[in-house]
Structures are given as C-alpha cells and as structure tokens.
Amino acid sequence: MRGEAVNNRVGAAARVTADPDLRKSSVRGLLGLPALLFVGVFLLYPLALLMETGFHGNDGGWSLDQYARIATTPVYGLVLWRTVWISSLVTAIDFLIGYPFAVALSRAKGWWRMILLIAILMPFWTNLLVRAYGWIVVLYPDGLLNNLLVALGVISEPLELVQNTTGVLIGMTQIMLPYMVLPIAAQIGKMDQRLLRASRSLGASAPRTFVHVYFPLTLPGVFAGSLMTLVLSLGFFVIPALLGGRRDVLIAQLIDFNLTKVLNWEFAAALGTVLLVLTVGLFLAARSWFRLDSLWNEAR
Amino acid sequence: MTESKPRKPVSSRRTLLKSAAAGLMLAPLPLRRAFAADAEVVYATWGGSWADAMRKAWFEPFTAQTGIKVRTIDGPDYGKIRAMVRANNTEWDVAEVNPDFQWIGPKEGLVEKLDFSIIPTDQLVKGPNLLTDYSLPEAFWSRVIAYNTNKFNRDNHPKDFAGFWDTARFPGKRVLYSKANGGAFEAALLADGVTVDKLYPLDIDRALKKLDKIKDDVLWYETNAQAVQYLQDQRGMLGLVADGRVKFIKDQGAPVEIEYAQSQLTWTSYVVIKGAPNKTNAMKLLAFMTSVDGQKAIGMAYTYGLVAPKAYDLLPPGRAELLSNGPQQQGKTVLMNEKWWGENLATAQEKMDAWRLS
Amino acid sequence: MRLSLADAILAGFAGLVCVFLVLPSLIVVPMSFNGDNLLRFPPHSLSVTWYADYFALPEWRSATWNSFTIAIAVTVLATTLGTLAALGLVRGRIPLRNLYIFLMFAPMIVPPIVSAVSMYGVFAKLKLVGTFPGMVLAHTVLALPFVVINVAAVLQRMDWSIERAARSLGASALSAFLHVTLPMIRPGLVVAAIFAFITSFDEVVVALYISGSQSVTLPVQMWSGLRFEINPIVASASTLLLGLSVLSLIAISLLMRLGTGSRRPAP
C-alpha cells in the first residue's frame, strides 16, 4: 500500500540503526500474558466445560447427536444463514454511514465537534431495551417518523418500518454505529497530515489522495470497527425480538431458548460452538480478503 | 408473565426528603454475600406490581406471624436455576415458574420434593396436572380474545377463535405471542374445529397450516408489555393476550374489551429449588400462601385467579368477577395441558421457528 | 483547511446521522414526564413522580451506585491489561499468534448468555458470585477484546521512530513509553476506555447471573422494569443517565482539547 510505503520512508529517515527494542521483541510478547491468563481462567475454561457438553448425547454419553440434529433439521441452517445475512448487512450499512461520519467528526471543530461526539456516544448511555422501545415509538405507522414524512409530503401512506426486517436493520445499525465510527475516528486522529500534503504536492488530486493515501491509512480502524460490528451483531437477539417480524429469528434467540427455557444445554452448547466456528470462519475470510494481517504486525 | 396493576408513585414530598437524607447518610450498598443472620426465605419473582401485591397480602403478614423475613429477587430464570444447582450454590428458596417447569424441574433434578406434612393440600382446587410432588399451583390466569372497541363492538366482534381467524368479517392485525406455548397453536386448532377434548396432543402441523391463513395479518409479540402496547396504540385490532394486562390498559382508558369464550386457562406454580438454604421456612411460606386466608388476601390485592375455591366465598361481593377464572369465565375456559407442554416445548418451538422462516 | 462544498455536504450528512443516533434515546425524555403509568408519546400529562421515585427507592439508588463503581473498576483493569496485550501483539513476538488473537476475542464472539451460564459454575466455585470483585472480573473479561482491538489499531500506525529516538537519548523503556508513546496513542486509549466502561455499565445478561441475589446493577434493574411490565421509572432513569453522559462528554471534550497540543507532527 502506497500510504504505508511513504510512511516507512519517512520513519526510516529517523530510525536509529542499532535498535535495542527490536531485540526484546519476544520479551515484549510476554506483555500479552496477563490478559490471556485472565480470559483463560474466567471465561475460556468455563466455556470449554460448557462446549464440551455439546459432544454429549441427551443421556450423557459421548455422541454427535446434537450436531446431527443441527445438520439434519433445516431450521438451524436457515436461522444461521439469516443471522449472517442480517449481520453482514448491518456491518456494510454501518460502514457506509460510519466512515463519512468519522471523517466529519475528525474535521469538526469546537461546538460542532462536541455535538457529533455527544451524538455518537449517546446510544451507549441509553439502555438497550429502552432504545428498542424508543425505536418502536419512532417507527410506528403513526409514530414520529411516519407522521413527519407524511406532513412533509414525502409519502402519502405510512411506511411499515417496524415489526419487520427493516425495523431490525434500523435498530441494529444504530446500536452498532458507534462501534464502527470510533475506531475509524481514532485512526484518523493519528494520521500523519504530512503524508496527505505530500501526496497533493506530488500532483495527486483530492479523490486520488483519498483512495491511495487517506483510506489505506484508516484501514486498521475500518477493520477493527467492522470486526466488532459483525461479531456483536451475530450474537444479537433483543432487538430482532422486539423490532422484528415473523421471519426474524436469529441464532442467539435459539441458543437462549435452549439454555434458559427448555434447559437443553447440550444442544445449546452445540449451537454455540457452530456459531463460534462460523464467526471465526468469517473473521479469517475477512482478514484474507482485506489482507489486513498488518493490524497485528508492526509497521516497520 | 402476565399482568400488572396501575403503578402508584411511591413517594410524597415528605418521603422523598426523608429518603434523600437517608440516602446521603447511608453508605452505598456494596455487593456482598448473604449473611443469613435472620430467618428468611428467598423468593424469586417476576416482580413489578405483582410482587408489591404479594408483599402486602403474603410476605408482610407471614413475617408478622412467624418472624421469618421474605427477601425477593427479580427474575426466576430457569438457566440460572440450573446453573445454581449444578454449582451447589443455590441462592433461592422458592421460585415462581411457568407450569412447564413442573416437569422440566424434576427431570433435571432442580427441585425439592414438597413436604406435605407442612403444606396442606385439601383446600386446593382439583384438576389435572395442577398439583405434583414438586410443585404447588400459585395462581390462575388466562389468555383472552381482546378486541378494539372503536372498530368492533359488543355485538360485532369475534366470539370465538373461528371468528378470530375470519379476516374478512373482522379485518385488522391480530396480536399473537411468538412462543410456541403462547396459545397460538391451541387457538388455531380450535378455530379449525377441533373439539376441546381432542385438543391434546396438539397436531402442530395442522395448527401451522391454519396459521398460514392469517400469517400476513399477525403482529408477533415477545413480551406482554409489547402486546398491550399494540392494542393500546390501536396497531392491533384483535389479540390473544393475558387477561390481567388487558384489564389493566382497559382501566387506563384504552379502547379494548374482552371476549371470554374459549379463553385459555393456565396457571403459574411454585417450586422449592434443590439445595435451598431455607427449605423448611420455604415450605411454611408455601403453606401460608396457599391457605384459604392467604388466597383471600391475594384475591383482594390482585386479579389473578385463586387456587383455593373456598377463598372465593370469603371475598366481598363483586370482587370475584374481577379475578381470572372468576364467575364471569366459568364454563368458557379451555384448560391448557401444561404437562404436554412440559414435555413437548422444544419440538413445538422448533417447528414454529421453521414455520416463521418459511 | 478551507471550508469547501465537500465539507458542507459532509457536515449535512453528519447532522442527519446525529438525528438517527439520538432519536430513540431522546424520545424517552418526554415519555419520562408522563403522569400516568404507561409509556406514552406524546405524554398525556406532566409530572415528575418517576424522577422522585428513582431517587426515593433504594433499589434504584444502589443499582446506580453499583453500576458506576463496577464500571470504573472494570475500565481501569481492562484498559491496563488490554493495552499490555495490544503492545505484546503489535510490538512483540507471540507464539501461535492467531490462536492468541482468537482466544482473546472469545468474550466478544460468544453470545452473552453462553458466557453467563458457563461463567456461573466457575465463579460459584471460586465464591465470586454476588460479590463486587466477581462482577468486576466478569465484566473485565467481556471488555478486554474491545480494548485490545482499539489500542492495537492505533499502535499499528504508530511512528515508533520517535520512541526510539527517546530511547537513544537515554530514556528507559518504561519512561519512553509513558512520556512519548502513551500521549501519542491517546485517542485510541480514550476510545478503548470508553468501550470498556460502556461494556460494563450497559451489560445485563452476565450481570443477571453473576450479581447474585443480594443486589443488582442498573441494567438488571431496568431489565426487570421492562420485561414483565413497563415500569415508567426506567424512562426517568434513562433520562438522568443521558443528562449525566452529556455533561461528562462535554467535560471530557474540554479535557482532551487541553491535551491536544503536540499530537500532530508540525508541518
């Protein structure tokens, strides 16, 4: 990526050759240990205990019955597909909305900047259920939005915006937007303005600079935001349950049902494992597609 | 679960000032493990105005009589019950549950056998599945057909589920519970002409075919609060909703009325969790609550149906009609087979989810 | 930079997005003043009873206090551990790097109910259920991935030459990190801390399981107040939190502006 190349050359100019830091790379790797132990003891170990039961039959012995049930009952594949589909849509929409918003946020000054900041953080401060009910009130056929659109003459008949997939998308997009915007904004905030100026001074037009310098520099933030958005969406079910329609059944709902209503933990564990594998698969696919190994590797 | 009374504001200005002062002086309440210094019973409830009513009708009198305190916690989640018992860390004594737990609980080893030497049962209503070795019935409630009074009226409204299904004669959206055991299947079969005695075991495929006929006119709800919101906002013209909730919004002025024909009668139950820290006290509380006097008290405080028939005689005139399964409903109810649901919920829900996605 | 047509369009778009972001939260505000017992918009009558109730009832007060104290502790712990982990990832060599990443992200990937149910058993054995430390530990685990992602994202684009320059001038590794690197990655750290705080403050499912029967957090309190029947106190609690967040955001904004000075390299 050209942006990175320019960055490297600028950095190389100031680099000291006998670099003590490079030698300590493995020791520095140990910094990652406390967090891993933490997650390991308090989540991974308990999770493993639960996931292991997914490989038991309903009578306790070792078997693949649970997975067989998932594979042979069509509804589970359908639900998983629907979950992935909706989550991907949400991520894509959030990227399209969130990226320009992040740019606007970084360019804003003074009170306008404060307003944008407050706006992007406000969803966090409102309880999820409260937001869901808030959306229902706004999106009703005779709710705020429809009344406004009708009054403005944009539409003549109210739109069905809730109790269907549209409602789910609207609700989830709004909830996930901060997760997309903030990492991108942080990345922009770190951007070396000299690179942009250099590009312009070398004769590149503004759009070209954006495509070849600006955007690539923000990619780690885009990836971070997209990752959080996609992964969190896959585990969602409160919003779909309250704002969705007949077809909006997502995998997390089924897991919750099996864990807390019929107490079939073996089956829930199997469903959870399938979801986990699916998520990892999506993550790996996205990583190789975006070729963003660089998120974790040092920019040399 | 089901219904709520109007929530009265708790504070007057004087109480507010007093509690503000107290609040400033009190150290913040830290999370800490329970020290059961006093005799107590831990009661897991659905909370809200129902819990307020129980406190007034049962818990405070019980404490006055026995010195045993009742501490409530909100949200009797089955998953948590299982987690507690499996971890040998049972935090609750009594939980109010849906009747399916009467079978799920023992099957998973999550409940204690009731001590019938402490709990008398002769005064309890007799009926299939109501009383088991592990559970007592708590209260009756029913799902009823609610209709919008602006669009329909006393003479012109669905008088049974066949009418509920008639979208030509009674146009508008219908509100139904999205859970498999939310009454939609029973309603569909009754609408299709199945007689009550042949209702169970439910023919789910037939019910789903019938649901197909109105599927574009259905608003699915996840919580009772949602259901009545639709009725109140007149999004739904008809609904199959918990009777207590409909009565509540009706009292608040919503344009709804109830049709009791074919009302689906069901109940909630108590269980004592396995490993309960205060088992004997819990049994005593259960005995207190299901006694005739206890039932009369709750009948005065709330509108659920009583489980001790003699208690109805103790109520002042006119009160019984306000309760679920009261005189106004006699002869019109269809009793849900909760045993069937306890055993078949998983498969039924799976079929329903498949149908929803189709 | 000059204000251009592009900027104007961008600002207009951002304005629309703002409305989209705040609408459902703001709509609760007028509903909280509704006099009767239902959530109505527009409100039928005005009253502040639900605010009075919120302050009067001990369960709401203690729930609020618990939520704040737990979230603050979680923010400190998660940001520290997570920043270390991000450093280890970006600047160090970690064996089986991809496996490490996968494991560290597990708390975010796994649906909360699955985490809650599985955590309960182990936490109960460790006698952590219903305790303050237990809640902090549980929420920290959930918050860690968010911290790692965000700190790693800014570390990845760091110009390390400046830190190396500081080292070559004699600063110790720690000192260079604290005085050179840390200020440079501040935007990422702030974002990470915000995510950590919110992950804890707004979390309901794990809290339902781990907070035990003695006391609850605010989301749990609200959950009961919306699930089984609508308790209008939820609307007033929501509005109060909103007001608090706006005030604190303004405060943070001002603080950040004061520290912005040397972030960008001079032209």
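The values are calculated or read from the model by the stated rules, or taken from the named source; none is laboratory data. From a predicted model like this one, the values you see are computed outputs, not experimental measurements. A quick note on method: Cβ atoms are made from the backbone with ideal geometry, for glycine too, and the neighbour counts reach across all protein chains shown.
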| query | Does C:VAL74 meet the test of being assigned to a helix (DSSP H, G or I) and of a type in the set (Val, Ile, Thr)? | reply | yes
| note | Residue pairs qualifying under the 6 Å Cβ cut-off, at least six apart or on distinct chains, with the first in the stretch A:188-203 being away from chain C (no Cβ under 12 Å) and the second being exposed (fewer than 15 other Cβ atoms within 10 Å of the Cβ), are none
| message | Please determine whether any residue of the stretch B:290-300 is modelled with pLDDT under 95 and in a loop (DSSP other than H, G, I, E, B). | response | yes
| said: Take the residues in the stretch A:55-74 that are under 30 Å from the mean Cα position of the chain (by Cα), within 16 Å of B:ALA346 (Cβ to Cβ) and touching a residue at least 60 places away in the same chain (Cβ under 8 Å); name whichever of them is surrounded by the most Cβ atoms within 10 Å (Cβ to Cβ). | reply: A:GLN66
| All positions within the stretch B:159-204 that are of a type in the set (Phe, Trp, Tyr) and within 21 Å of B:ASN98 (Cβ to Cβ) | B:TYR177, B:PHE185, B:TYR200
| message | Name the single residue that is farthest from A:LEU259 (Cα to Cα) among those in the stretch B:61-96 being of a type in the set (A, V, I, L, M), away from chain A (no Cβ under 14 Å) and within 24 Å of the chain's Cα centre (by Cα). | response | B:VAL70
| query | For the stretch B:38-84, what are the residues that are touching a residue at least 24 places away in the same chain (Cβ under 8 Å) and among the polar types (S, T, N, Q)? | reply | B:THR45, B:SER49, B:GLN65, B:THR66, B:THR72
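So that you can scan it fast, the table gives a plain yes or no per residue for (1) touching a helix residue (DSSP H, G or I) at 6+ places or on another chain (Cβ under 8 Å); (2) surrounded by fewer than 22 Cβ atoms within 10 Å (Cβ to Cβ):
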{"residue": "B:THR266", "(1), (2)": "yes, no"}
{"residue": "B:LYS284", "(1), (2)": "yes, yes"}
{"residue": "B:SER291", "(1), (2)": "no, yes"}
{"residue": "B:GLY299", "(1), (2)": "yes, no"}
{"residue": "B:VAL307", "(1), (2)": "yes, no"}
| task | Could you check how many residues of the stretch B:310-326 are more than 22 Å from B:SER263 (Cα to Cα) and assigned to a loop (DSSP other than H, G, I, E, B)? | result | 4
| query | Only one of these conditions is not met by B:ASP77: (1) at pLDDT 90 or above; (2) within 23 Å of B:MET54 (Cα to Cα). Which number is it? | reply | (1)
| said: Considering only residues that are of a type in the set (Gly, Ala, Ser) and touching a helix residue (DSSP H, G or I) at 6+ places or on another chain (Cβ under 6 Å), which ones fall in the stretch A:40-90? | reply: A:GLY54, A:GLY57, A:SER87
| query | Taking the stretch A:73-104 only, how many residues are closer than 16 Å to A:VAL222 by Cα and within 7 Å of another protein chain (Cβ to nearest Cβ)? | reply | 5
| If you scan the stretch C:50-68, which residues turn out to be among the charged types (D, E, K, R) and surrounded by fewer than 18 Cβ atoms within 10 Å (Cβ to Cβ)? | C:GLU59
| message | Which of the numbered conditions does A:PHE210 fail, given that it passes all the others? Conditions: (1) within 17 Å of A:GLY77 (Cα to Cα); (2) part of a helix (DSSP H, G or I). | response | (1)
| Pick from the stretch A:82-138, criterion of a type in the set (Lys, Arg) and more than 30 Å from A:PRO207 (Cα to Cα), ranking: surrounded by the fewest Cβ atoms within 10 Å (Cβ to Cβ) | A:ARG82
| Here are some conditions: (1) within 14 Å of chain C (Cβ to nearest Cβ); (2) farther than 22 Å from C:LEU16 by Cβ; (3) of a type in the set (Ser, Thr, Tyr). A:TYR140 meets all but one. Which one does it not meet? | (2)
| query | Taking helices (runs of 4 or more DSSP H) that fall entirely within the stretch C:77-177, which contain at least 3 residues that are more than 7 Å from chain A (Cβ to nearest Cβ) and surrounded by 23 or more Cβ atoms within 10 Å (Cβ to Cβ)? | reply | C:112-125, C:132-156
| query | If a residue has to be in contact (Cβ under 8 Å) with a residue 24 or more places away in the chain and either of a type in the set (Phe, Trp, Tyr) or not in a helix (DSSP H, G or I) (or both) to count, how many in the stretch C:178-203 make the cut? | reply | 5
| said: List the residue pairs whose Cβ atoms are under 6 Å apart, where the first residue sits in the stretch C:235-251 and is of a type in the set (A, V, I, L, M), the second is at pLDDT below 80, and the two are 6 or more positions apart or on different chains. | reply: C:LEU241/A:TRP125; C:LEU242/A:TRP125
| said: Can you name every one of the helices (runs of 4 or more DSSP H) wholly within the stretch A:73-174 that holds 3 or more residues which are under 30 Å from C:LEU247 (Cα atoms) and touching a Pro at 6+ places or on another chain (Cβ under 7 Å)? | reply: A:128-139
| task | Keeping to the stretch A:215-234, report how many residues are crowded, with 24+ Cβ neighbours inside 10 Å and either within 7 Å of another protein chain (Cβ to nearest Cβ) or in a loop (DSSP other than H, G, I, E, B) (or both). | result | 5
| Of residues in the stretch B:192-241 being away from chain A (no Cβ under 14 Å), touching a Lys or Arg at 6+ places or on another chain (Cβ under 6 Å) and of a type in the set (A, V, I, L, M, F, W, C), the one farthest from B:ALA168 (Cα to Cα) | B:LEU240
